[in-house]
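I have placed the structure first, in the form of structure tokens, so that the comments after it can refer back to it.
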Amino acid sequence: MLKVLIDDIEREPDKTLHVDFDDEIKELEGCSIQAGIDFKSLGGFIEAKGHVEGVITLECDRCLNKFDYDLDFDLDETFAKHSLYDEYAQEVELQSGQFITDLNGEKEIDVYDLLYQSVILQLPNKKVCGINCNEGLFVSDEEIQPHDSRMDIFKNIQIEKDK
């Protein structure tokens, strides 16, 4: 596990620490990523910005075949060094840019966990192996609803068209 100590960030001349990651996320099948992240101290907050590239093996929701999905996204997270509980003890509506991870006084940031969560959030809702995957899209009426013999009478109805 790769961890960044808050004190190490604070000791840097410009309060910015660069971390490179090139490894697999073992909890995700076939997920290998490369990332470069800058951790910057902003007083009571730590800003993590970087770029992530890689590949993950997914299972197609239509045909159930495995396929590789390319990852390529920017990472932008903010961490509060101290608990925000007192400041936000009552319910408030979050606006854009207010999603902050509360470290609750922890002295380190788990880079591996940050990348794991970021990859999970980047996965598509519908995992499809390709634009031409039609498997499972077309099913017969029999598959949708079993045959009901009471409806057989309607098969022989003839409708006359107006002349």
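The values are calculated or read from the model by the stated rules, or taken from the named source; none is laboratory data. Since the model is a prediction, treat every value here as computed from it, not as a measurement. When we count neighbours, we look across all protein chains shown, and the Cβ atoms used for this are built from the backbone with ideal geometry, even at glycine.
For region 18-52, which residues satisfy the criterion of being assigned to a loop (DSSP other than H, G, I, E, B) and closer than 17 Å to Glu108 by Cβ?
We begin by selecting, within region 18-52, every residue assigned to a loop (DSSP other than H, G, I, E, B); these are 25-31, 43-44.
The one that is assigned to a loop (DSSP other than H, G, I, E, B) and closer than 17 Å to Glu108 by Cβ: Gly44.
Does Gly130 qualify as being more than 30 Å from Glu12 (Cα to Cα), modelled with pLDDT of 85 or more and out of contact with any Phe, Trp or Tyr (no Cβ under 8 Å at 6 or more places or on another chain)?
On the way: more than 30 Å from Glu12 (Cα to Cα): yes; modelled with pLDDT of 85 or more: yes; out of contact with any Phe, Trp or Tyr (no Cβ under 8 Å at 6 or more places or on another chain): no.
Spelling it out, it is not the case that Gly130 is more than 30 Å from Glu12 (Cα to Cα), modelled with pLDDT of 85 or more and out of contact with any Phe, Trp or Tyr (no Cβ under 8 Å at 6 or more places or on another chain).
For the condition more than 14 Å from the chain's Cα centre (by Cα), modelled with pLDDT of 95 or more and either surrounded by 15 or more Cβ atoms within 10 Å (Cβ to Cβ) or closer than 15 Å to Leu121 by Cβ (or both), what is the one hit in Gly54, Gly50? Break it down into steps so the answer makes sense when it comes.
Values: Gly54 fails: more than 14 Å from the chain's Cα centre (by Cα).
Answer to the selection: Gly50.
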field: Positions within region 82-120 being modelled with pLDDT under 55 and either at positive phi or polar (S, T, N, Q) (or both), in sequence order
entry: Gln90, Gln95, Ser96, Gly97, Gln98
